[in-house]
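Asks: Please read through the structure below; I'll follow up with questions.
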Amino acid sequence: MNKERKLVIAGNWKMNKTVAEASDLVEGLLLDLKDVKEIDMVVCPPFTALAQVSQQILSTSLRLGAQNMSQHASGAYTGEISAQMLKEFSVRYVILGHSERRQFFHETDELVAIKAQAVHAASLRPIVCVGETLDERESGTTEKVIETQVRGSLAGLDAAKMADTIIAYEPVWAIGTGKTASTGQAQEVHAFIRRLLASIYDENTARLVRIQYGGSVKPNNARELMSQPDIDGALVGGASLEARSFAQIIRSCLN
Ligand code: PGA
């Protein structure tokens, strides 16, 4: 596939996979994807499986991501995980502000922006999630909601850090529901986000930022989505839990 930006396809395992299950999944992925270089491939296991997965993917082209990170460096923050702890396992990417974190753990744009700063300060790369609910889409406020989230969640990042940030557009109504945004709907929002970045930063920064689509990405719809000019990757939930389907998604986007 001829893309302006290198595709980045990440698997968000959410709260799934024991260490043994994670190990099996990664073994399967490596069998299928060992030779792939044209796409940045990332797996985001739960914290408890990072050590295992990190060992398995040493000197392979798979990269490691975390699903969340504390904005604090250390201290009395029961239950939290710091950047330094993630770096011990060669984590490179951190998902921030996933709609489930926003919905169930009350994360706000302000908090996501602070976390994004902390992720960059540790030389890690954030994947910042934004997306509208069904109500918001149906009431015609999608662009307004996305603009508020993009401005709020990325507040304070300079142009260089922005260029090295990944945005994941994930319509909430498409997550885990089997309903995908049509390629047209997705491309429209991605292009809107890129225009917005050009107005906040500049054309060149906007051109460098990779914008992933997420929400029921499967082997049978990935290629069409990725062929859109402003869709530069995918954040995959359910279909990343099996080696076969995640590998098929990646393979379907080669060439
Ligand atoms: P899904 O999840 O692929 O299961 O819809 C995507 C996500 O939440 O990142």
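Asks: Can you confirm whether residue 148 is modelled with pLDDT under 95, surrounded by fewer than 19 Cβ atoms within 10 Å (Cβ to Cβ) and either within 16 Å of the ligand (Cβ to nearest atom) or in a helix (DSSP H, G or I) (or both)?
Replies: no
Asks: Please pick out the residue among 99, 70, 23 that is open to solvent by 10 Å² or more (accessible area, probe 1.4 Å) and in contact (Cβ under 8 Å) with a residue 40 or more places away in the chain.
Replies: Every option except 99 fails the conditions.
Asks: Looking at 139, 153, 199, 182, which is the one that is out of contact with any Pro (no Cβ under 8 Å at 6 or more places or on another chain) and open to solvent by less than 10 Å² (accessible area, probe 1.4 Å)?
Replies: Result: 153 is the single residue among 139, 153, 199, 182 that is out of contact with any Pro (no Cβ under 8 Å at 6 or more places or on another chain) and open to solvent by less than 10 Å² (accessible area, probe 1.4 Å).
Asks: Considering only residues that are touching a helix residue (DSSP H, G or I) at 6+ places or on another chain (Cβ under 8 Å) and within 16 Å of the ligand (Cβ to nearest atom), which ones fall in segment 151-182?
Replies: If the condition is that a residue be touching a helix residue (DSSP H, G or I) at 6+ places or on another chain (Cβ under 8 Å) and within 16 Å of the ligand (Cβ to nearest atom), then 153, 167, 169, 170, 171, 172, 173, 175, 176, 179, 180, 181 are the ones that fit.
Asks: Considering only residues that are in contact with a strand residue (DSSP E or B) (Cβ under 6 Å, 6 or more places away or on another chain) and more than 12 Å from the ligand (Cβ to nearest atom), which ones fall in segment 201-229?
Replies: Within segment 201-229, 210, 211 qualify.
Asks: I'd like to check something: does segment 203-212 contain any residue that is open to solvent by 30 Å² or more (accessible area, probe 1.4 Å) and within 18 Å of residue 240 (Cα to Cα)?
Replies: Scanning segment 203-212, I find no residue that is open to solvent by 30 Å² or more (accessible area, probe 1.4 Å) and within 18 Å of residue 240 (Cα to Cα), so the answer is no.
Asks: Sticking with this one: Within segment 230-255, which residues are part of a loop (DSSP other than H, G, I, E, B) and either over 26 Å from residue 100 (Cα atoms) or more than 16 Å from the ligand (Cβ to nearest atom) (or both)?
Replies: Once the filter is applied, which keeps residues that are part of a loop (DSSP other than H, G, I, E, B) and either over 26 Å from residue 100 (Cα atoms) or more than 16 Å from the ligand (Cβ to nearest atom) (or both), segment 230-255 yields 230, 253, 254, 255.
The values are calculated or read from the model by the stated rules, or taken from the named source; none is laboratory data. Please read all numbers here as calculations on a predicted model, not as lab measurements. Counting neighbours? That spans all protein chains shown, and the Cβs are built from the backbone with ideal geometry, glycine included. With ligands, DNA and RNA removed, areas are computed over all heavy atoms of the protein, side chains included. Shrake-Rupley method; radii C 1.70, N 1.55, O 1.52, S 1.80 Å.
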